[in-house]
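Working notes, beginning with the structure itself.
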Amino acid sequence: MLLPLLLRQSFSPLLTGCVRALHGSSQRTLLSQGEHLLQRRPASRLPTRNHSRKSRDQEEEWRTRNKTVLTYIAAAGVGMIGLSYASVPLYRLYCQATGLGGMAVAGHDTDQVETMKPVKERIIKVTFNADTHASIQWNFRPQQTEIYVVPGETALAFYRAKNPTDKPIIGISTYNVVPFDAGQYFNKIQCFCFEEQRLNPHEEVDMPVFFYIDPEFDDDPRMARVDTITLSYTFFEAKEGQQLPLPGYSYN
């Protein structure tokens, strides 16, 4: 019985010290953890600030890109509008040079007319058509309905125009050739097309068309079955800013 009592008396202070030491260490641990959490709390806000700053930077970048894209689109639109205004006269010149769209070819050397050889065995009937747009009050018609020519020979035809109104009217004409593929061989030497024609009240005039069909017409396989060509003119009233229709296309 003495031994347990001695052990209790000897170990009691030691156990008490250990408990106190553990109690103190636990308090210090809790305090240190609390301080650590308090120190980390402001740091946890940093990602949010960085994220918001990054979002603002991205928004500014997208706004800049959108402005740049809109600027390019606006510039392209302005360029296309300008090109559309220039396309009609440029296309008309191209058609006159190549015969595209049934446009008779213009600007020929007189030496070619003097040296070309007629293809006597190939007879072509040329018919003539005349129209007026609703914008002009002229009477316009061909003087002949048809003539017969051979490739390599010149021919002369006439149209007649009259202004039946009591006021002067300025007209301008466009024309094409049918079939369209034959336009590259239909060459005009003298023509009243694309030139302003002024007719005084009740004035009537004859308008000549001096032309020939290129001898190469007979060598083109596409023209093998073509024996009729129609030359068609349409008069419009010449108004400022009015665009003539493209050759080879329908108009109202």
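Please give every one of the aspartates and glutamates within straight-line cross-link reach of K167, meaning a C-alpha to C-alpha distance under 14 Å, and leave out same-chain neighbours fewer than 8 residues apart. Hits, sequence-local ones excluded: E203, E204, E237.
Label sites at Q137 and E121, each approximated as a point 7 angstrom past Cα along Cα to Cβ, lie 5.6 nm apart. Relative to its Kirkwood radius, the Cα radius of gyration of the stretch 112-237 gives an Rg/Rh of 1.03. Under 28 Å Cα-Cα from K188, which lysines qualify once same-chain neighbours fewer than 8 residues away are excluded? The reachable lysines, counting only those whose Cα sits under 28 Å from K188, are K117, K120, K125, K162, K239. Residue ranges 55-67, 179-191, 146-158 sort as 179-191, 146-158, 55-67 when ordered by packing (mean number of other C-beta atoms within 10 Å per residue, highest first).
The calculated FRET efficiency for Q144 paired with I73, based on their beta-carbon distance and R0 = 35 Å, is about 0.05. Model label sites at W62 and K239, defined 7 Å from Cα along the beta-carbon direction, differ in position by 4.9 nm.
Values quoted throughout were computed directly from the atomic coordinates according to the rules given, and no laboratory measurement underlies them. Computed from a prediction, not measured in an experiment: that's the story for all the values here. Quick reminder, even Gly has a Cβ in these numbers, built from the backbone with ideal geometry, and neighbours come from all protein chains shown.
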